[in-house]
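Accompanying notes for the structure given below.
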Amino acid sequence: MNLNLNLEELKTLNFRDIGSWPVLPKMGALLLLLVAVVFAAYWFDWKTQLEQLETTRQKEAKLRDTFLAKKQQAVNLDTYRQQLKEIDQSFGALLKQLPNKSEMDALLVDINQAGLGRGLEFELFKPAPSETKTEFYASLPVTIKVTGGYHDLGHFASDISQLPRIVTLNDIKIEASKDGRLTMDGVVKTFRYLDEEEVSAQKKPVAGGKKKAGGVKK
């Protein structure tokens, strides 16, 4: 079988009668046809299927990760419940450090007595006219100005921090006078928890939205 063809023989090939071609051109034509068929199949059919397959694989990977995460949560469910119980207990302990509405006056007295007990002179003890409320608690700033010795002021600050309720000293400024006494300006913040009615009121949406403009009656 002669597989060698020259250029002149290729020019004489009859494209209407491919079956009569020599073996080599016939194999070349079949190979080109096969490549064209494979490319057309890929472009018009396989490409879309491959893209869908890749999308499905990505979804499968996400679902597998979600399943493993939920499985891990289910395995550690008892641990999570114990942690939640501990958090509730810690929250309850912190909540006990916040007075309720009826105990706020007593707390203000305790703060005042802490200063007087250290021999300090109150030039100003002014609670704010209203509280600042958040979702679960309210804070009341008290502006103070006290005069006393260095150690007395230090002991007063220590006494404030050791009160059974949560009280903080803020915006402290200290100035010394000619006689060696110190004057401290600052803000004492006291906190209390909101009762159930106040919490409910905080969660309610603000009433009285925009009213629609009505027509003018003649």
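Pairs, please: C-beta under 7 Å, at least 6 apart or cross-chain, first residue free of Cβ contacts under 8 Å to residues at least 60 places away in the same chain and in the range 29-57, second hydrophobic (A, V, I, L, M, F, W, C) and in a helix (DSSP H, G or I)?
Close Cβ pairs (under 7 Å, with a partner that is hydrophobic (A, V, I, L, M, F, W, C) and in a helix (DSSP H, G or I)) amount to Ala29/Ile18.
For Leu120, only one of the following conditions fails: (1) at pLDDT 80 or above; (2) out of contact with any helix residue (DSSP H, G or I) (no Cβ under 7 Å at 6 or more places or on another chain); (3) surrounded by 12 or more Cβ atoms within 10 Å (Cβ to Cβ); (4) more than 29 Å from Tyr193 (Cα to Cα). What is its number?
(2)
Could we say that Phe136 is at pLDDT 90 or above and either touching a helix residue (DSSP H, G or I) at 6+ places or on another chain (Cβ under 8 Å) or of a type in the set (Phe, Trp, Tyr) (or both) here?
On the way: at pLDDT 90 or above: no; either touching a helix residue (DSSP H, G or I) at 6+ places or on another chain (Cβ under 8 Å) or of a type in the set (Phe, Trp, Tyr) (or both): yes.
No.
State the number of residues belonging to the range 154-204 that are out of contact with any Phe, Trp or Tyr (no Cβ under 9 Å at 6 or more places or on another chain), in a strand (DSSP E or B) and of a type outside the set (A, V, I, L, M, F, W, C).
Residues flagged as out of contact with any Phe, Trp or Tyr (no Cβ under 9 Å at 6 or more places or on another chain), in a strand (DSSP E or B) and of a type outside the set (A, V, I, L, M, F, W, C) within the range 154-204 amount to 9.
The values are calculated or read from the model by the stated rules, or taken from the named source; none is laboratory data. This is a predicted model, so every value here is computed, not measured. All Cβ positions, glycine included, derive from the backbone under ideal geometry; neighbour counts span all protein chains shown.
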